[in-house]
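Trainee: This structure is in structure tokens; I'll ask about it shortly.
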Amino acid sequence: MSLGTGSEFRSWYLWDTRCQVCTARVTQRSGICCENFGKHVRGLPHCRRGWCAMCYQQRSGASFSVHTASQLLGMNLPAPQEVDDFMVARPGDNILVPFECDYCSFYRLTYKEPDMDLPMHMDLLNDIRRVNLDAFWTLAPSTVANHMRNFWEQVGVGKSKGFEMFPVPLGPFPAQHDQGMRAAIAVLAKGEQPGRHETKVKFSTARKQRSLHTKISMASVQGGALAPKLLSERGSQALVYIPTNSEFFLRFISGYKSRVGIRTKQDAPISIQLMVEIQARLESDWQEAIAGGNKEETRDIAEVGAYLLLTYCRSMRGFEATKAVLTRLRCQMLSPAEATRTGREEPPHVSLPLVGRFKARSRETQQRLIDIAWETASGLQPGLWTQRLVQVLESLGITSDWVFQDEKGHQRPMSHFSDFFFKTLLEIQEECPSLISADMNVLEDFGLARSARRGASTRAKEAGVDKDDIDWMNRWNIGEDDVVRGPMRVQYAERKQMLQTFLRFSLPL
């Protein structure tokens, strides 16, 4: 190891050493050095390690992959200029990103030197190397090159004027320093597990490990439990150090996201033509069940019909419609016949009461009231099917609890409707290929959770519904317009005055 021509403090960027792989001379211009380089950190071995940039690469035997254009489109799209992306270091990476070498990190995690004959130790070294490379690759090669060109230019400016431009050395890291390597390895390990629809889990799943580590840190004495608080009229703020908010971890998670890509599985939308066909088949099944006189069969069909049409016509996620409450629903519907008989001026509708905890809101149990047109412009009839279901339930002596309930009165899960949903879609695909193309995988591409919601949003755009109304409807469960404060019957009475506003989404569908 050489500490350059100046003092250890003044010339950290002039240090040089031998590459850990090829033994060639390494400088800050040609490779990377550990930021504990040349410094003794209590509890850690003395470090003099450096690598040529191309020698610091993903270790052989490691299975970490890079999401490429070929994988994204399912075809061969070679890009020679990107072959080394995320796989090797670049000169200057350790100057722009906090870098503690594999061996220092290993010792900090295990309090021992790695044994190269132990597979467990080799696996951990592989993980540390991958984490460091991901942290490096949060910056593009051109960005690193430009920064380093400016860096050395500024070093020259300082030298020409007789002062040190960058006097403060990068390291060493303190003895008890935790820059988030444990959490990073946890994210990495999760990302290597098999996914439900792909070979490996998605970034959105893997990154949740960060939340776990953050919460545990905040609950710890060293984290947030005894942290000093700054009090103000708007609440308190804590002064804490959380490893998962460190510069290193934020660099890692950004680089990891870029390497694995944002791979999403969106449920295919149900087109309005497909929804009309589903309703037609439900109607045929309903008429057969009525003719057969089997109340349980008519209940099953009415449940599926009401569930699918309410979900579609109010752009709900599949698991939200199951929160509908029967007790108040029975007196919060206005059919065309009832409107004519009573002379009521408001349009026929269903005001669907929901009770439960809703996504994107607090964990507080809330009541919500959403309004849906009795019949849409394309002939969908959520009101008729809801009325049918209520009448069937009443004939069975069921007048309270959930709209969609099992024999014990418990709320039915979304999965209860899966069999009919997928069976019907497969039949339509075979008999009406113009509605579902033959190359679609119905069981993989469609889903109860969001297919109806996505289809309704598309239909609303086609029907000329204002974008603000569409956004408003699709965010119904995070706003306050549908929250019920006080008795549901009072809220329903007040909402009649604004009913036309609340039906602007569903009527044109």
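The values are calculated or read from the model by the stated rules, or taken from the named source; none is laboratory data. Since the model is a prediction, treat every value here as computed from it, not as a measurement. With ideal geometry, Cβ positions are generated from the backbone for all residues, glycine too; neighbour counts draw on all protein chains shown. Note: accessible area is taken over every heavy atom of the protein model, side chains too, but ligands, DNA and RNA are not part of it. Shrake-Rupley method; radii C 1.70, N 1.55, O 1.52, S 1.80 Å.
Trainee: If you add up the charges near residue 50, with Lys and Arg at +1 and Asp and Glu at -1, over every other residue whose beta carbon is less than 9 angstrom from its beta carbon, what do you get?
Mentor: +2
Trainee: Continuing with the same structure: Enter the angle in degrees (range 0 to 90, nearest 10) between the Cα long axis of helix 181-191 and the first principal axis of the Cα atoms of the chain, meaning the one along which they spread out most.
Mentor: Rounded to the nearest ten degrees, it is 50.
Trainee: Quick check: at a probe of 1.4 Å, how many percent of the accessible area of the chain sits on carbon and sulfur atoms?
Mentor: Accessible surface attributable to carbon and sulfur in the chain totals 52 percent.
Trainee: Still on this model: Round to the nearest 10 and give me the degree value, 0 to 90, for the angle of helix 141-160's Cα axis relative to the longest principal axis of the chain.
Mentor: Taking Cα atoms only, the helix is inclined about 40 degrees.
Trainee: As a check on your grasp of the helix formula, calculate [θ] at 222 nm for the chain: sum -39500 (n - 2.57) over DSSP H runs of n ≥ 4, divide by the residue count, round to the nearest 500.
Mentor: When only DSSP H runs of four or more count, the value is -12500 deg cm²/dmol.
Trainee: Using r as the Cβ-Cβ distance of residue 466 and residue 339, and R0 as 25 Å, what FRET efficiency do you calculate, to the nearest 0.05?
Mentor: That gives a FRET efficiency of 0.45.
Trainee: Among DSSP beta bridges lying fully in the chain, give the percent that are antiparallel, nearest 5.
Mentor: 95
Trainee: Another question about this same structure. State which entries of 208/323; 190/408; 112/202; 200/461; 265/323; 208/423 exceed 31 angstrom in Cα-Cα distance in the structure shown.
Mentor: Working: 208/323 27 Å; 190/408 39 Å; 112/202 33 Å; 200/461 35 Å; 265/323 25 Å; 208/423 34 Å.
From the list (208/323; 190/408; 112/202; 200/461; 265/323; 208/423), the Cα-Cα distance tops 31 Å for 190/408; 112/202; 200/461; 208/423.
Trainee: For the chain, which span is the longest to avoid every loop-located (per DSSP) member of chymotrypsin sites (Phe, Trp or Tyr not before Pro) having at most 14 other Cβ atoms inside 10 Å?
Mentor: Numbers: sites that count: 9, 111, 163, 241.
Longest stretch, sites excluded: 242-509.
Trainee: Ignoring ligands, DNA and RNA, what accessible area per residue does the chain give at 1.4 Å, in Å²?
Mentor: Heavy-atom SASA per residue in the chain reads 50 Å².
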